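Below is one structure; the comments refer to it alone.
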Amino acid sequence: MTGDSRPRSPRAGLLAVWISTATAIALADAPPAAPARSARPAVAAAPDLRGTPQQPLLVRTPPDLRGTSGRPSVVSAAPPTDVEARGEADERAWRHTIDRWTIGAAVATILVLIGQGIAFIFQAHRLKQSVDETRRATQATLRIAQTEQQTARRQLKAYVFVAGHGVKYDRALEASIIVKNFGQTPAYKLRVSIRTLIGGTGEFRESAVSEMPPTVGTLGPGATFGAAVRVDISTEELQTIQAGFQRLFVYGKVTFEDAFGNAGRWTTFRLMTQSPTWTQLVSCAEGNDSDSLEQDEALFYTSRVI
């Protein structure tokens, strides 16, 4: 015996027969082979231009949805270490200190600004007071200067008044006056007008002085000028004047120009006889005026007797 001398089982023999039969049937049913085709020349394949400038690739990247409501990001922080915790604590303390110093500096700045504002208001008030005081002092100085100027002018300018007067009878009744310059500067273009009137007691009708006599010249400081007028009356009229039943009124006007160029300066006078001293003239209550003096001062000057 050659080969494997172990006896075969009946199942192995049946399987080999079945395989041989199936193979034969398959070969019998197969179609005849197709005739061989003639060989054709090979055709070169077209080059792949994708990804080149002639045919760039269009890559569509899907949108990144991370961090959106559809795909929220979840970051889990790692717990800090001891060194990091101490560093953060020190940093917080340092920042707290800086914040305190910043707040203190801000408060100090506000207080300084408030103090400066108060000082500015105080200085402005003092400055206003100083300006007011300076203005008042200036006004007072101006008033003093004006007063001194007015006083100097009042003292220097000419004042011409009646300085003396009298009445006498020598075949006619003669009334005379003397005018004097009481000022310290000359009276220029002096004119004196004198008139008389005989009337009852308390009666006086002054006639208007329409024309003044010609200029008699310049009356210097302290100089005098006399003027007189004669009245022809009868013995009976003289006796009524001496008895006081009638009175002789002597009145007139003096005009001049002062050294300061004030033209038209004037002084008026009104005198009358009085019994029993009928030769002496007294000032009337009215008619004694001046352009520069009050009536009582004019009365003082015209109350003198020759």
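Neighbour counts of C-beta atoms inside 10 Å place H125, H165 in the sequence H125, H165, starting with the fewest. Put in order of Cβ neighbour count within 10 Å, fewest first, the listed residues Y169, Y159 become Y169, Y159. Shape summary: the range 86-156 maps onto an equivalent ellipsoid whose semi-axes, from the alpha-carbon gyration tensor, are 67, 6, 4 Å in decreasing order. In this structure the amide hydrogen of I233, modeled in the peptide plane, comes within under 5 Å of the amide hydrogens of L173, none closer than 5 places in sequence on its chain.
Every number in this text was worked out from the coordinates using simple rules, so none of it is lab data. Model, not experiment: these values are computed from the prediction. Using ideal geometry, Cβ is built from the backbone for each residue, glycine included, and neighbour counts are taken over all protein chains shown.
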